[in-house]
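Some notes on the structure that comes next.
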Amino acid sequence: MINVNENFLNLQNSYLFVTIVKKVAEFAKENPDAKIIKLGVGDVTRPIPKPILDAMNKATAELGVKETFKGYGPEIGYDFLKEKIKEFDYKRLGVDIDISEIFISDGINSDCGNIVDLFSEDNKVAIADPVYPVYLDTNVMSGRSGKYNETTKKYENIVYLPVTAENNFIPELPKEPVDMIYLCYPNNPTGTVLTRAELKKWVDYARENKAIILFDAAYEVFISDDDVPHSIYEIEGAKEVAIEFKSYSKTAGFTGIRCAYVVVPKEVKAYTKNGEPVELNKLWDRRQCTKFNGASYISQRGAEATYTEEGRKQVLENINYYKENAKIIKNGLEEAGYTVYGGVNSPYIWLKVPNGLTSWEFFDKLLNEINVVGTPGVGFGPSGEGYFRLTAFGTRENTIEAIERIKNMK
């Protein structure tokens, strides 16, 4: 008899964004004339900049010529892209990363899910609450979560680190030992950030406790404040305890192209049950070469073009467009009397749900009354109840119209 992996049975309902898509589809079917504005799922709307598109078109053409055809590429990525990452994403920050520590992939979602392959099922996991659902769900699938408690809305073996207005959205260090720590800054969903001093506390904790920080920096390009680090490796000692994830999805509009990377410094170690250190860089290399055939040559040439002078210029134009959207949302909601967080160093705006509604009730109210789609805070964790997320990735016209609708909502 074939047995199922029963860890999957511990997952709650369907994936958050799948649930939203289904609810919106049902509403659209019943209301075919409604103009629905979607500010829920964090998908981009600006076209890919021309220098990047040109690079991908050139790469595509190469595949049609015998002399330049490419078959399987390196599973861990082409050096031409890794050299650019080393130079532009790290050296300019004063951080020394070797290209052997950079692993190209097809997206942060995949990487955050796959990285757990390296760690024992016995490891204690700490996540911010609320948080991007993939961190939690992949650990549920891997057997680290324990059972779900219907009363607390939490998993028994997960350490939840509340980030709410009460603690200024700054997670407190765990009161019990943990082994794997997920941090995402600028944060999804709250749009808030950690200063260098706050992030150093986590690096120091991980060093003292031989823990690993899994640091999602997908939105670092939106950072405006000087005291907010663009990489965890700007913090002294972080290369000993942190694995960093970055992506081209929100920077270069690659949500449909798929290209990202993971940095696994050679200093980062995990330990056997006998206490012997093991270099995670080698294990991740082995894992990727076994289970992953590499990101496409075309997407990697496109990613490389983001580092050209013109490519970078046009990427930043798109980022500034989204940042202006965030400003419009934040200012508009505040004018309407909402309590709002984020939206400065991030494309996400996190608002307090009014009138004692639950976050799903507020979702339904926006959808049914003014045909605007956002994301219920509780979908990111129990501490997200009473909050709601809007994204700045819509078009300017839709962003302005959505905020006007919310202002006029009764």
For Lys84, indicate whether it is surrounded by fewer than 21 Cβ atoms within 10 Å (Cβ to Cβ), in contact with a Phe, Trp or Tyr (Cβ under 7 Å, 6 or more places away or on another chain) and either on the phi > 0 side of the Ramachandran plot or modelled with pLDDT of 95 or more (or both).
yes
Just name the residue that is farthest from Phe119 (Cα to Cα) out of those in segment 161-196 that are assigned to a helix (DSSP H, G or I) and touching a residue at least 12 places away in the same chain (Cβ under 8 Å).
Ala165
Counting residues that are among the β-branched types (Val, Ile, Thr), which helices (runs of 4 or more DSSP H) fully inside segment 227-335 reach at least 3?
309-335
Taking Glu234, is it open to solvent by 40 Å² or more (accessible area, probe 1.4 Å), within 18 Å of Asp89 (Cβ to Cβ), among the charged types (D, E, K, R) and out of contact with any Pro (no Cβ under 9 Å at 6 or more places or on another chain)?
yes
How many of the residues making up segment 335-371 are farther than 18 Å from Glu401 by Cβ and open to solvent by 40 Å² or more (accessible area, probe 1.4 Å)?
12
Here the residues within segment 42-61 that are out of contact with any strand residue (DSSP E or B) (no Cβ under 9 Å at 6 or more places or on another chain), in contact (Cβ under 8 Å) with a residue 24 or more places away in the chain and not charged (D, E, K, R) are Val44, Thr45, Pro47, Ile48, Pro49, Pro51, Ile52, Leu53, Ala55, Met56, Ala59, Thr60
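Somewhere in segment 62-70, is a residue in contact with a strand residue (DSSP E or B) (Cβ under 9 Å, 6 or more places away or on another chain) and either open to solvent by 30 Å² or more (accessible area, probe 1.4 Å) or outside any helix (DSSP H, G or I) (or both)? I'd like the intermediate steps shown before the answer.
Narrowing segment 62-70 to residues in contact with a strand residue (DSSP E or B) (Cβ under 9 Å, 6 or more places away or on another chain): none.
There is no residue in segment 62-70 that is in contact with a strand residue (DSSP E or B) (Cβ under 9 Å, 6 or more places away or on another chain) and either open to solvent by 30 Å² or more (accessible area, probe 1.4 Å) or outside any helix (DSSP H, G or I) (or both).
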Test for Val203: is it over 18 Å from the mean Cα position of the chain (by Cα), within 25 Å of Ser145 (Cβ to Cβ), open to solvent by less than 10 Å² (accessible area, probe 1.4 Å) and without any contact (Cβ under 8 Å) to a residue 60 or more places away in the chain
no
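Considering each residue of segment 224-244, count those that are of a type outside the set (Ser, Thr, Tyr) and within 23 Å of Lys313 (Cα to Cα), and give that number.
Within segment 224-244, the first condition is being of a type outside the set (Ser, Thr, Tyr), and the residues that meet it are 225-230, 232, 234-244.
Filter again for within 23 Å of Lys313 (Cα to Cα), leaving 225-226, 228-230.
So the answer is 5.
Among what's in segment 296-353 and is of a type in the set (Lys, Arg) and under 22 Å from the mean Cα position of the chain (by Cα), pick the residue that is nearest to Asn408 (Cα to Cα). Step through it out loud before you land on a result.
Applying the first criterion (of a type in the set (Lys, Arg)) to segment 296-353 yields 301, 312-313, 323, 327, 330, 352.
Right, trim to under 22 Å from the mean Cα position of the chain (by Cα) and you get 312, 323, 327, 330, 352.
Working: Arg312: 39, Lys323: 24, Lys327: 19, Lys330: 16, Lys352: 17 Å.
Selected residue: Lys330.
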Does any residue of segment 90-104 turn out to be modelled with pLDDT of 95 or more, more than 17 Å from Glu220 (Cα to Cα) and basic (Lys, Arg)?
no
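The values are calculated or read from the model by the stated rules, or taken from the named source; none is laboratory data. This one's a predicted model, so the numbers in the text were calculated from it and none came from an experiment. When we count neighbours, we look across all protein chains shown, and the Cβ atoms used for this are built from the backbone with ideal geometry, even at glycine. Heavy atoms of the whole protein, side chains included, go into the accessibility calculation; ligands, DNA and RNA do not. Shrake-Rupley method; radii C 1.70, N 1.55, O 1.52, S 1.80 Å.
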